[in-house]
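Just below is one structure, and these are the notes that go with it.
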Amino acid sequence: MRFVAMRLRNIKGKYTHKNKTASDSDSDGGESTWMPSMEGFVKYLVASKLVFNTVERILDKSDDVSYTHFRKTGLERSEALEKDLQWLAEHHGIEIPKPSNQGVVYAQYLEHIAEGSAPLFLSHLYNIYFSHIAGGQVIATQVCDKLLEGEVLEFLQWEGDAQELLKGLREKVNMLGEHWSRDEKNRCLKETSKCFKYMGQIVRLIIL
């Protein structure tokens, strides 16, 4: 996601395409400037909705007692994303696409690990929300400023303090983590990089 943030930081004006000409390179590195597009942004929202919906559905329907601690945390995003996509379709005439491969692959991976290991799934759960709050929503807000004239999407708004909600989630994960084996904790650390890789691929949809 840092890659996307750096690409977007010097964009001026409202562009809806990716420019690869040498004359439009960044002043500090000579790299071509990547412009956010409405098409890419909608793909990002659709993929994000699939991921958040998958996480929320797993938590709601699983019989694993560990997952019951993470229902209705206030961090849920799928309902807000559904409203945003409906608004874009109705007010901007945008055709909402099917989820991209980036979102589908990650959702399938989440389904897989949720069945086999609660610690690994909960590692992804926390890092999904962390990556969105710490980086994803900042990038998405910048894109809204450029493509939607500053319209603030439901996806980027919270009932309460997002950082406090995230802190509460982290404390619950840490509480359960006290009962995990050393091997499970080590595997969770490895899963963190996987989560950021998957989420980074989804954010990159904005500028692809």
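Quick note: the coordinates plus some simple rules give every number you see, no bench work behind them. A quick note: this is a predicted structure, and the numbers were derived from the prediction, not measured. Don't worry about glycine lacking a Cβ; one is built from the backbone with ideal geometry, like all the others, and counts go over all protein chains shown.
In terms of other Cβ atoms within 10 Å, D64, D161 run from fewest to most in the order D161, D64. Listed by Cβ neighbour count within 10 Å, with the fewest neighbours leading, H124, H92, H132 appear as H92, H124, H132. As a rough footprinting exposure proxy, the listed residues F121, F70 were ranked by other beta carbons within 10 Å of their own, and the order from fewest upward is F70, F121. In this rough spin-label picture, where each label sits 7 Å from Cα along the Cβ direction, the H69-W87 distance is 3.4 nm. Summing +1 for each Lys or Arg and -1 for each Asp or Glu among the other residues whose beta-carbon sits under 15 angstrom from that of D64 gives -2. Between the stretch 46-87 and the stretch 135-201, what is the C-alpha centre distance in whole Å? Going from one Cα centre to the other spans 13 Å.
Grouping the Cα pair distances of the stretch 53-208 into 5 Å bins from zero gives a pair-distance distribution of 1, 8, 17, 21, 21, 15, 9, 5, 2, 1, 0 percent in increasing distance order.
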